[in-house]
Amino acid sequence: MAGGGFSTSGNGGTHFEAKITPIVIISCIMAATGGLMFGYDIGVSGGVTSMDPFLKKFFPTVYKRTKEPGLDSNYCKYDNQGLQLFTSSLYLAGLTATFFASYTTRKLGRRLTMLIAGCFFIIGVILNAAAQDLAMLIIGRILLGCGVGFANQAVPLFLSEIAPTRIRGGLNILFQLNVTIGILFANLVNYGTAKISGGWGWRLSLGLAGFPAVLLTLGALFVVETPNSLIERGYLEEGKEVLRKIRGTDNIEPEFLELVEASRVAKEVKHPFRNLLQRKNRPQLIISVALQIFQQFTGINAIMFYAPVLFSTLGFGSSAALYSAVITGAVNVLSTVVSLYSVDKLGRRFLLLEAGVQMLLSQIIVAIILGIKVTDTSDNLSHGWGIFVVVMICTYVSAFAWSWGPLGWLIPSETFPLETRSAGQSVTVCVNLLFTFVMAQAFLSMLCHFKYGIFLFFSGWIFVMSLFVFFLLPETKNVPIEEMTERVWKQHWLWKRFMVDEDDIDIVKKNGHANGYDPTSRL
């Protein structure tokens, strides 16, 4: 039985009948387990790199620094390129894999691409858990990165295409919600395995990544393919049947015909990546790339990767550092649920702007406290101040979790037209992973050199990105994907100037110059 029903607007005021069917909910939940795997990978690395047995086996230099008081600056204890490479290699591999994932997503479908991601994840987990040396450890992380590249390419597209318009934002955020659950799961696992005697707890932490990996693989076997993908690949009848199932109604002809027309237009595009650079596609490309860069320069992944390391640097004991990371992980999950319920009511812009203020203030407060209380060789964080720092970081994390976290993925996945959607998503994932790699590889070194100023660095970026949202990001709430151009981009004060094809500009130029004026002056 359907969970509910509503109408969604199509072109020219047409209403597409759609119900919230169980098959949509189940398919989206299964697909979103890709986020669970991604989140676990983010959370687990910071935990194991703060465990003494792991450091002693793979990074003895770092282990020595953490055990000899006064050997180095508090802020520089974990500054090691190899240690950072363990974390960042996953994202460099994901960056490369996303180009191949763009091809499989377009030619083989969203569902099969998610299955490929699951297989990469499983093999990578096995190598990590059984690692005997650093090379084996890095190879395992690289394979996990390939899984991330394929999953992050296919899952957001799958969710956007299968969801009815009115709840598209909420269902798409299931991906980000699973990312936060994965981070929390990893933090809880690390907190428990750190207490295991015998020095093998880190293997269990890395091995339990197999749980979400298997979930994603099984989910990919059972979910339905999206109608958009089936129609795009020429399976019209199958696409029509799937559309009927996921909408819970026989009245799907208007939406089906619109998808067929969108597919026809898409097939005329022989070079989707080249097409992305056309004038009419530049606004979507600029917005998507900017959102990915800004998302990383909020500093969230640097904090999530290295939360236990960060708290340990600030004077928390090993156990207290892991416990604090669990708290921030729990806040992350709960705040993403807030976004799940509010994104289609309050809109994308409101959440991003409100969160900008909240993140900015909390980062500045943390920087002031650390600047006064924590020096290179000693820390004066009392129990009370320590709790206050954790509260401020949780305030920051909560704001990110209902804004830049989920919306950084949602907005790009719903703005590109079908003919460039796969290529656009590929560029989105690529840019995200590139700057995730940069942050993961550089954060511990930045912490060593900037010290408490690292939080001021991130707060400066938050101010810039909030201005970007205020002036340049249009609202996409409750707008059908295929109507974005007409109802969003052509209505924006700046981007509407780009919604003219180059050929049209050439024609207007020729006619205009013949009459003695420059017709492009207003474009």
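The values are calculated or read from the model by the stated rules, or taken from the named source; none is laboratory data. Keep in mind that this is a model prediction, so the values were computed, not measured. With ideal geometry, Cβ positions are generated from the backbone for all residues, glycine too; neighbour counts draw on all protein chains shown. To get the accessible areas, we keep the full protein, side chains included, count just its heavy atoms, and leave off ligands, DNA and RNA. Shrake-Rupley method; radii C 1.70, N 1.55, O 1.52, S 1.80 Å.
Label-to-label distance for Tyr235 and Glu268 is 2.6 nm, based on points extended 7 Å past Cα in the beta-carbon direction.
Let me know the shape class of the range 399-508, please: from the alpha-carbon gyration tensor, a ≥ b ≥ c as square roots of the eigenvalues, rounded when a/c is under 1.5, otherwise prolate if a/b is greater than b/c, or oblate. Prolate shape, in that a/c is at least 1.5 and a/b is the bigger ratio.
Taking each of Lys64/Lys373; Lys280/Lys477; Lys373/Lys451 in turn, the alpha-carbon distance tops 19 angstrom for Lys64/Lys373; Lys280/Lys477. The separation of the range 73-123 from the range 158-204, counted between C-alpha centres, amounts to 16 Å. Taking every protein chain into account, the 1.4 Å probe leaves Phe457 with about 60 Å² of accessible area, to the nearest ten.
Taking a span of 15 Å or more along the helix axis (Cα atoms) and a mean Kyte-Doolittle hydropathy of at least 1.6 as the rule, the DSSP H helices of the chain that qualify are 110-129, 210-222, 383-401, 453-472. Taking label points 7 Å from Cα along the Cα-to-Cβ direction, Arg244 and Phe350 give a separation of 3.9 nm. For the chain, the square roots of the Cα gyration tensor eigenvalues, ordered a ≥ b ≥ c, give a/c of at least 1.5 with a/b greater than b/c, which places it in the prolate category. Cysteines in the chain that lack a partner Cβ within the 4.7 Å cut-off: Cys28, Cys119, Cys146, Cys394, Cys430.
The GluC sites (Glu not before Pro) of the range 219-299 meeting both criteria, a DSSP state outside H, G, I, E and B (loop) and at most 14 other C-beta atoms within 10 angstrom of the site's C-beta, are Glu268. Using R0 = 35 Å, the C-beta based FRET efficiency linking Glu475 and Leu334 works out to 0.85.
Taking a ≥ b ≥ c as the square roots of the eigenvalues of the Cα gyration tensor of the range 177-308, is the shape rounded (a/c under 1.5), prolate (a/b larger than b/c) or oblate? Taking the square roots of the gyration eigenvalues as a ≥ b ≥ c, the range 177-308 is oblate.
Highest mean packing first, where packing is the average number of other Cβ atoms within 10 Å per residue, the peptides 160-171, 133-144 line up as 160-171, 133-144.
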